Amino acid sequence: MNTDAHAHSSAPGLFDPFGRRFEYLRLSVTDACNFKCVYCLPGGFRPVPGAAAPLDASEIEHLLTGFAALGVFKVRLTGGEPTVRKDIVDLVARAAAVPGIRRVALSTNGYRLDTLAGPLADAGLSQLNVSVDHLDPVGFAEVTGKALLHRVIGGIDTALARGLTVKVNVVRLGGLNDDAVDAFFDWVRDTPVAVRFIELMETADSRAFFARHHRPMDALRRRLAADGWVTRPRAAGDGPAEEFTHPNAAGRIGLIAPYAPGFCEGCNRLRVTARGALRLCLFGRGEHDLRPLLDGTHAPEVLAREVLRAVSLKPAGHRLQAADAGDTVHLAAVGG
Ligand code: SAM
Ligand code: SF4
């Protein structure tokens, strides 16, 4: 039996008016990042003068306690780059210790994984998502602005050796990583990672880049079918990736295609920004400030009520096909 599915069947449940259940929270722990990915922060991270500090560890604990009271059992810490925070291992340990939170994942660019993978595993991390947009050092540096491919791959090897589940995110970028697709297919033959190709998403800051580099996922889908990859059934708390397995491969391949029809119907996640604002959709507008309820003077039920109220306003889906990417400037700002 799938223990996750069994355990959450008795939880109170956080539903929106369309019957979608939210059991997965993506929490940004910082806007800051040390990479300059061409599709995300091409000019590098620039702090906003006078902006409030990110949520501290105690506020994060209060936040997660409130969400857990609503049946949320999985949290992903993301950013920006979450490992630029000095207390990232402590944040993972605290998240893993919140009653009801059974899975703690981390999205990272991997630049500190060589030293952090062990401590993160010890702190209770269940899953790592590492961004690797190219497997050639020059191509990697061209996309990320950092000549750190070998260090990131070394960090992934350390994480695997420590028993962590590793997923690798590859944003499919026409003209920038077309020639890397074969290398990723070769890599998963012997390496037990799930490589997920993500369709480039348009944001308010990236219209021109999107027009040049966006490619649909059809070619990859055709290649998977032709090469004998088969769809893997989804498990509770899984994200939006369609994953595929192959009898001759140690790893898996996934596709994340947000422009595909019906993508929003399976939405199971909410997002909270680094300053404690709830965002109902990555490509929506506006946010709901939860920070005033995280100072330890409010019961988790108060926060839970506020979240329920906000979620009752969640829209049915994004409007990307109508060229409306909402008010998200880039994914680093909201925890992609
Ligand atoms: N810094 C970490 C990282 O790169 O994994 C975590 C934050 S990053 C915003 C989370 C994920 O969003 C990464 O896999 C990144 O490649 C992806 N991402 C960022 N901007 C994107 C865009 N415009 N379209 C598709 N994926 C994007
Ligand atoms: Fe930083 Fe991640 Fe954005 Fe790259 S995708 S700039 S690593 S936040």
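The values are calculated or read from the model by the stated rules, or taken from the named source; none is laboratory data. It should be emphasised that the depicted structure is a prediction, and the values quoted were computed from it without experimental measurement. Note: ideal-geometry Cβ built from the backbone for every residue, glycine included; neighbour counts use all protein chains shown. Accessible surface is based on the protein model in full, side chains and every heavy atom, while ligands, DNA and RNA are left aside. Shrake-Rupley method; radii C 1.70, N 1.55, O 1.52, S 1.80 Å.
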*Note the angle between two axes, namely the Cα long axis of helix 181-190 and the longest principal axis of the Cα atoms of the chain, as a number of degrees from 0 to 90, rounded to the nearest 10.*
80 degrees
*Going from most exposed to least, what order do 242, 287 have by accessible area with a 1.4 Å probe?*
287, 242
*Förster-model FRET efficiency, 35 Å R0, residue 204 and residue 122, C-beta, rounded to 0.05*: 0.35
_Additional length obtainable on full extension of the chain from residue 230 to residue 250, 0.36 nm per residue less Cα span_ = 5.8 nm
*So what is the calculated 222 nm ellipticity per residue for the chain, using -39500 (n - 2.57) for each DSSP H run with n of 4 or more, over all residues, to the nearest 500 deg cm²/dmol?*
-8500 deg cm²/dmol
_Chain lengthening between residue 46 and residue 141 when straightened (0.36 nm per residue, less Cα-Cα)_ = 32.2 nm
*In square angstrom, rounded to the nearest 10, how much accessible surface does residue 259 have for a 1.4 Å probe?*
40 Å²
*Using the Cα gyration tensor of the chain, with a ≥ b ≥ c the square roots of its eigenvalues, what is the shape: rounded (a/c below 1.5), prolate (a/b larger than b/c) or oblate (neither)?*
rounded
*asked:* Modelling each spin label as a point 7 Å along the Cα-to-Cβ direction, I'd like the residue 186/residue 301 distance in nm, to one decimal.
replied: 6.1 nm
*All lysines inside 23 Å of residue 314 as judged from Cα atoms, apart from same-chain residues fewer than 8 positions distant*: 74
*Using alpha carbons only, how many degrees (0 to 90, rounded to 10) separate the axis of helix 113-123 from the longest principal axis of the chain?*
40 degrees
*Read phi for every residue in segment 300-309 and hand back ³J(HN,Hα) as whole Hz from Karplus 6.51 cos²θ - 1.76 cosθ + 1.60, θ = phi - 60°, with x for Gly and Pro.*
x, 5, 5, 4, 4, 4, 5, 5, 4, 4
